[in-house]
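*Asks:* Here's a structure for you.
The values are calculated or read from the model by the stated rules, or taken from the named source; none is laboratory data. Keep in mind the model is a prediction, meaning the values are calculated, not measured. A quick note on method: Cβ atoms are made from the backbone with ideal geometry, for glycine too, and the neighbour counts reach across all protein chains shown. Quick note on the areas: whole protein, heavy atoms, side chains included, nothing else; ligands and nucleic acids left out. Shrake-Rupley method; radii C 1.70, N 1.55, O 1.52, S 1.80 Å.
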Amino acid sequence: MPDKTTERSLTIEDLSQLREKTESVAQFFEGQLRRYLDTLRPLFAPRRLLGRHVGAKDDVPGSDRALAQVQEKYREVCRQPFGLPPELPEDFLGHLDNRPEIYPLEYTHVAKNVKESKGLTITSPGQWILTYRSDYTLGQFRKTVIGKSERRAASVRDFVVDALAMHLFLQAFPNLTQLLADLRYDVQMETLTGLGDLQCVIIRSCLPSFRPSDELLLTATRFSGVPAFIELIDLDATRSLQDPLKSRLEHMLS
């Protein structure tokens, strides 16, 4: 994850107010995004890409090639850090759900000052991983991969396959990415720290968030007793929000 430390000066009182506002804005964006994805659910159906390989009655052109791509990408990433065998069972797509799902984007940050150093789980309130519904959330998947949770090999494999399937699906249907962009949600393919070379679909709201100084992080988590923190929405960025349609028309007419 990129460094999101900010130089702006914040007090505990500032933090309390910003966290309340961040929660309201984050809930709005996530609720809106979930409604959009629910409406678009038929367009995300895996059968549009994989046809009979996911139980569709009618096959689609290119389904064999799409299946081969999933298998190839899986073999490239399965070993490290997931510890999965390269062979896939014949029914490895049988679990694939028709529902796109979002999980809050989390990462680990080591906050330090002159007296202490503490590993914190940081959540980005305006960023999510977009995949198909799985047994694991992103947080549960991470804990399993690093050995902090009971390992269910089939569920680990399914999460990897789900992420790969969504990645390939959006490559095959780029108009969905453009549609989400028109709705003010940016879509990118990225690797995440701790998940090897697995390419995940990351979706972001139009408002960025930031991580305050380590000193403030350590103070806040000392008060809460929980080694976790949610980034703060950059509310000042609302003043510079751009309308995608307006920007496109201005470019055409310039």
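*Asks:* Would you mind checking which residues have amide H under 5 Å from ILE230's amide H? H placed 1.01 Å from N; only 5 or more apart, or other chain.
*Replies:* Distant-sequence amide H within range of ILE230: THR123.
*Asks:* Then there is this: Treat every Asp and Glu Cβ in region 112-254 as -1 and every Lys and Arg Cβ as +1, leave all other atoms uncharged, and give the resulting dipole magnitude about the Cα centre to the nearest 20 debye.
*Replies:* That gives a dipole near 440 debye.
*Asks:* Residue separation times 0.36 nm, minus the C-alpha to C-alpha distance between SER149 and VAL114: what's the value?
*Replies:* Value of the extension gain: 9.4 nm.
*Asks:* Straight-line reach from LYS21: which lysines fall under 24 Å, measuring Cα to Cα and dropping same-chain residues less than 8 apart?
*Replies:* LYS4
*Asks:* So what does GLU76 come to for accessible area, using a 1.4 Å probe and Å² rounded to 10?
*Replies:* Accessible area, nearest 10 Å²: 110 Å².
*Asks:* Once phi is turned into ³J(HN,Hα) by the Karplus curve 6.51 cos²θ - 1.76 cosθ + 1.60 with θ = phi - 60°, what whole-Hz value does each residue of region 183-195 show in order, with x for glycine and proline?
*Replies:* Here the 3J(HN,Hα) series is 8, 6, 10, 8, 10, 9, 9, 9, 8, 10, 4, x, 10 Hz.
*Asks:* Whenever you get a sec, compute what percent of the accessible area on the chain sits on carbon and sulfur atoms (1.4 Å probe).
*Replies:* 49
*Asks:* Can you tell which of TYR74, LEU198, SER149 lies farthest toward the positive end of the dipole of the chain, using +1 and -1 charges on the Cβ of basic and acidic side chains (Lys, Arg; Asp, Glu)?
*Replies:* Farthest towards the positive end: SER149.
*Asks:* For region 233-247, in order, what is each residue's ³J(HN,Hα) by Karplus, 6.51 cos²θ - 1.76 cosθ + 1.60 with θ = phi - 60°, in whole Hz (x at glycine and Pro)?
*Replies:* Result, ordered by residue: 5, 7, 5, 4, 5, 4, 5, 10, 4, 10, 8, x, 5, 4, 4 Hz.
*Asks:* With charges set only on the Cβ (+1 for Lys and Arg, -1 for Asp and Glu), what does the dipole of region 44-194 come to about its Cα centre, in debye to the nearest 20?
*Replies:* 500
*Asks:* Next question. Accessible area per residue of the chain at 1.4 Å probe, in Å²?
*Replies:* Computed with neighbouring chains in place, this is 55 Å² per residue.
*Asks:* Let's see if you can work this out: charge +1 on each Lys and Arg Cβ, -1 on each Asp and Glu Cβ, no other charges. What is the dipole magnitude of region 68-136 about its Cα centre, in debye to the nearest 20?
*Replies:* Here the size comes out at about 520 debye.
*Asks:* Pull out the extension gain between GLU215 and LEU249, defined as 0.36 nm times the separation in residues minus the alpha carbon to alpha carbon distance; nm, one decimal.
*Replies:* Roughly 7.7 nm would be gained on extension.
*Asks:* Quick one: Cα centre-to-centre distance for region 70-117 and region 123-179, in angstrom?
*Replies:* If we compute the Cα centre of each part, the gap is 6 Å.
*Asks:* Can you give the convex hull volume per residue for the Cα atoms of region 42-165, as a whole number of Å³?
*Replies:* Spelled out: Cα convex hull of region 42-165, divided by residues, is 119 Å³.
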